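Read-outs throughout are calculated quantities, based only on the coordinates presented, and are distinct from any laboratory measurement. Since the model is a prediction, treat every value here as computed from it, not as a measurement. Cβ: placed from backbone, ideal geometry, glycine included. Neighbour counts: every protein chain shown.
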Amino acid sequence: MTLSPKIAEVTDRIIARSETTRAAYLDRMRRAAEDGPVRAHLSCGNQAHAYAAAQEGDKESLAGGRAPNIGIVTAYNDMLSAHQPFETFPARIKEAARARGATAQVAGGVPAMCDGVTQGQPGMELSLFSRDVIALSAGVALSHNCFDSALYLGVCDKIVPGLVIAAATFSHIPAIFVPAGPMTSGLPNDEKSKVRQQFATGEVGRDKLMEAEMASYHGPGTCTFYGTANSNQMLMEFMGLHLPGASFVNPNTPLREALTDAAAERATEITALGNDYRPAGEVLDEKAFVNGIVGLMATGGSTNLVLHLPAMARAAGIILDPSDFAEISAVTPLMARVYPNGLADVNHFHAAGGLGYMIGELLDAGLLHEDVVTIAGDGLARYRQEPKLIDGALTWADGTGESLNEKILRPVADPFQPTGGLAELNGNLGRGIMKVSSVAADRQVIEAPVAIFHDQGDVKKAFRNGELNRDVVVVVRFQGPKANGMPELHSLTPILSVVQDRGHKVALVTDGRMSGASGKVPAAIHVAPEALDGGLIGKLQDGDILRVDAQNGTLDVLTEGVADRSPATPDLSANSFGIGREMFETFRQMAGPATAGAGIVV
């Protein structure tokens, strides 16, 4: 199938925009690769330190320098359900490597925080910056310069983007991302959401809320809604960094274990020591990032990736712009309905045909670049296949050619909607985005007076006091990366949903961000410039009229004279201390704009 003219146009524009930075990046990668296997250049003392704790058979292989050595970068902790299964992965990987005559070492660990725990809490102000800490931590792990390839163990919100930034920075080292899989299905997400709204209105107590939450988040594995963690897994498959079909296999199953072994085996095959060298910098090219954006739109994925993808791309010398997302969204059909965009969870999505079916459909429609380098082989067509465990042996077979449940997953020719799940908003208030895949069409244009808040807690107080029972655009400002680290405002979703369900027109506008599970309330997020960086959002006052129009892609203040006002000067001292926030002052000062990924590393 001929490539879509729009996909080709956007790709060419990204290539042209990135010409200088990408060329410099590739030159650095090639010079690093020319040095050959790095262990050969370490002194005997250097090497002795690196191998001292290895078991005897491994020591000889490491000292010989002729067998591949895999560096494992792990985000394991047992507080994140998604990461708890990684506890046993290093031992499996080492055994699988030995079976191939290679070795593996845990190069280092990176922090992994759970946004579900910190949602609405002060710790959430460290969440976005944890991506940069993860990238830096992985960089420290790989700085030992002892590895021929790397396996990255991570799943959740900021962890995968941080690890990709590190993989792109160590571009000459082949990189494979190893998922742990989603937990089995628990309480249906729509039932959980209903209980949350009932709690917000006082209809049920905390005991019923806790009961519902524990029934939903109940075991090892990724949360089963389609938020940032599962969007990350989709992204790694569309970009060719997972083994085909690896994303949504449940933890602690024979197939999951076989896929982990296979990742270790593949890591031994794609090093510079062999004949199939696949450095991370070649996998992470402009076409791969375009493919990732297409996947994001086709699945109605997390808005957080509109922050993370530009940051990941910059680490590979590639410059993305919010307009790239909007233009790709305009030609990409929404093929999936997974909560919060529907009632199904990712296990249901996987059973209906999952990513293999989607990739096949999108390739046939000319909406994906097939001619890309992946860790599995040349070309994205390999990712049409799905893994099977037959008589104990892992193999790949052609996936389903049709959706097995069209309430969850539909073909390109008959999608849920003709365009993707994201709209760019651009107007006199600045630039922002809105996830529209779960917002009803009659809710995508809101014109109403604003109510100004500088803290999400104050929004909740106003709701409890009945002050939001009207048509209103709730503006929560000074929530950008420079102000307070850009915490998610997901805890506002239940109360604003209640206001909307009462028949009022309501929208959220913020220079902060929402959860990857942003729901049915229209939310213009990532507004840039942020209030603390001179954005017009900092000059709004209660009662100003704001028009949020996702259908035409505009975000405008209709009240005259707003630009002539002096900006608000909030007291942000409470955001500077406590729960570790004092250690991140430099991050807040150095953070880039949301349009460039809000990062500090690149």
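Some notes on this structure:
- LYS461/SER573 FRET efficiency (R0 22 Å; Cβ-Cβ; nearest 0.05): 0.65
- Of all DSSP-defined beta bridges confined to the chain, some 45% are antiparallel rather than parallel.
- Region 376-387 - phi-based ³J(HN,Hα) in whole Hz, Karplus 6.51/-1.76/1.60, Gly and Pro as x: 8, x, 6, x, 7, 4, 4, 7, 6, 7, 10, x
- FRET efficiency, HIS49 to MET590 (Cβ-Cβ, R0 35 Å, nearest 0.05): 0.55
- For region 197-273, convex hull of alpha carbons as volume per residue, Å³: 109 Å³
- Among THR103, THR586, THR332, the order by Cβ neighbours within 10 angstrom, fewest to most, reads THR586, THR103, THR332.
- Shape analysis of region 356-500 based on the Cα gyration tensor places the equivalent ellipsoid semi-axes at 43, 18, 17 Å, largest first.
- Under 14 Å from the Cα of LYS194 - aspartates and glutamates, other chains or at least 8 residues apart: GLU203, GLU211, GLU213, ASP501
- Length gained when the stretch ASP471-GLN119 is fully extended (0.36 nm per residue, less Cα-Cα span): 124.1 nm
- Relative pair counts by distance (%), Cα atoms of the chain, 10 Å bins: 3, 18, 28, 27, 16, 6, 2, 0
- Projected label distance in nm at TYR277 and ALA393, using a 7 Å step from Cα toward the beta-carbon: 3.2 nm
- Simple label model, 7 Å out from Cα along Cβ direction - ALA24 to GLU560, nm: 4.7 nm
- On full extension, the segment bounded by LEU255 and ARG502 gains 84.2 nm, given 0.36 nm per residue less the C-alpha separation.
- Residue-averaged 222 nm ellipticity for the chain, from DSSP H runs of 4+ at -39500 (n - 2.57), nearest 500: -11000 deg cm²/dmol
- Pairs of alpha carbons in region 186-339 whose separation is greater than 25 Å (percent): 47 percent
- Using only alpha carbons, region 194-236 has a radius of gyration to Kirkwood radius ratio (Rg to Rh) of 1.13.
- Mean Cα-pair separation over length for region 87-170, i.e. relative contact order, pairs under 8 Å, 6 or more apart, %: 31 percent
- Spin-label model, THR400 to GLU34: label points 7 Å out along the Cα-to-beta-carbon direction sit 5.1 nm apart.
- Cα gyration tensor shape of region 433-495, rounded if a/c is under 1.5, else prolate or oblate by comparing a/b with b/c: oblate
- Shape call, region 128-273: gyration tensor on alpha carbons, a/c limit 1.5: prolate
- Radius, Kirkwood style, for region 422-596 when every pair of distinct Cα atoms is counted (Å): 16.1 Å
- Above-threshold pairs, the threshold being 30 Å between Cα atoms, out of LYS388/LYS520; LYS59/LYS158; LYS6/LYS192; LYS208/LYS460: LYS388/LYS520; LYS59/LYS158; LYS6/LYS192
- Theoretical gain in end-to-end length, GLN551 to LEU209 [0.36 nm per residue, Cα-Cα removed]: 119.6 nm
- Region 315-398: equivalent-ellipsoid semi-axes (sqrt of 5 x gyration tensor eigenvalues, Cα, Å): 26, 20, 12
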